[in-house]
Amino acid sequence: MTSYHDYYLRGPDRDATRAALLAASLTVEMPGEDGQPQRMPADGVNLSTIGTIYEGGDWGPDGEVIAAPTAVPGWHVNLRLARPLTEAEQTALAGMLVEPVPGTPYRVWA
């Protein structure tokens, strides 16, 4: 049975997070069907992009918003590898690795 290494990333925004994943060679650019570059996980990399996470909020009995949820700062991505991150990958993701690991992650791997 394969042992996985799970990482939780929080970048400042979508573009910075995507750029860091590309710089770490955890994603690659390939031409899409329309010829435009398209990013995808590199071999052996599993990504689950969550994006913006919201907390709180209050809704009435008919679903009307009483108090809107609040956005948690950052762009969130879960990363799963069959190996630990290399030093170079950690450097490229500097400041984005959530540590300590969340006790109750927003999304988990099945």
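Which percent of Cα pairs goes in each bin when the distances of the chain are cut into 10 angstrom slices starting at zero?
Values per bin, smallest distances first: 13, 39, 28, 14, 6, 0.
Using the Karplus curve 6.51 cos²θ - 1.76 cosθ + 1.60 with θ = phi - 60°, work out ³J(HN,Hα) for each residue of segment 100-107 in order, rounded to whole Hz, and write x for Gly and Pro.
For segment 100-107, the Karplus-derived couplings read x, 4, x, x, 9, x, 4, 9 Hz, x marking Gly and Pro.
From Cα pairs below 8 angstrom and at least 6 apart in sequence, can you work out the relative contact order of the chain, rounded to a whole percent?
Value for the chain: 38 percent.
Say each of residue 65 and residue 106 gets a label point 7 Å from the Cα, pointing the same way as Cα to Cβ; how far apart are those two points in nm?
About 1.6 nm, to one decimal.
Can you work out ³J(HN,Hα) from phi for every residue in segment 17-24, in order, using Karplus 6.51 cos²θ - 1.76 cosθ + 1.60 and θ = phi - 60°, giving whole Hz and x for Gly and Pro?
Whole-Hz 3J(HN,Hα) from phi for segment 17-24: 5, 4, 5, 5, 5, 5, 4, 7.
Along the charge dipole of segment 5-92, pointing to its positive end and built from +1/-1 on Cβ of Lys, Arg, Asp and Glu, which listed residue (35, 56, 92) has its Cα farthest out?
92
Which far-off residues, 5 or more places away or on another chain, put their amide H under 5 Å from the one on residue 46, with H placed in the peptide plane?
80
At a threshold of 8 angstrom on Cα-Cα distance, excluding pairs fewer than six apart, so keeping six or more, what relative contact order does segment 45-105 reach in percent?
Rounded, it is 33 percent for segment 45-105.
Return the single residue from 92, 23, 82 with maximal mean-square fluctuation; model: Gaussian network over the chain, springs between Cα atoms under 10 Å.
In this elastic network of the chain, the residue with the biggest mean-square fluctuation among 92, 23, 82 is 82.
Read-outs throughout are calculated quantities, based only on the coordinates presented, and are distinct from any laboratory measurement. Predicted, not measured: the structure shown is a model, and the values here were computed from it. In this analysis, Cβ positions are derived from the backbone assuming ideal geometry, glycine residues included, and neighbour counts consider all displayed protein chains.
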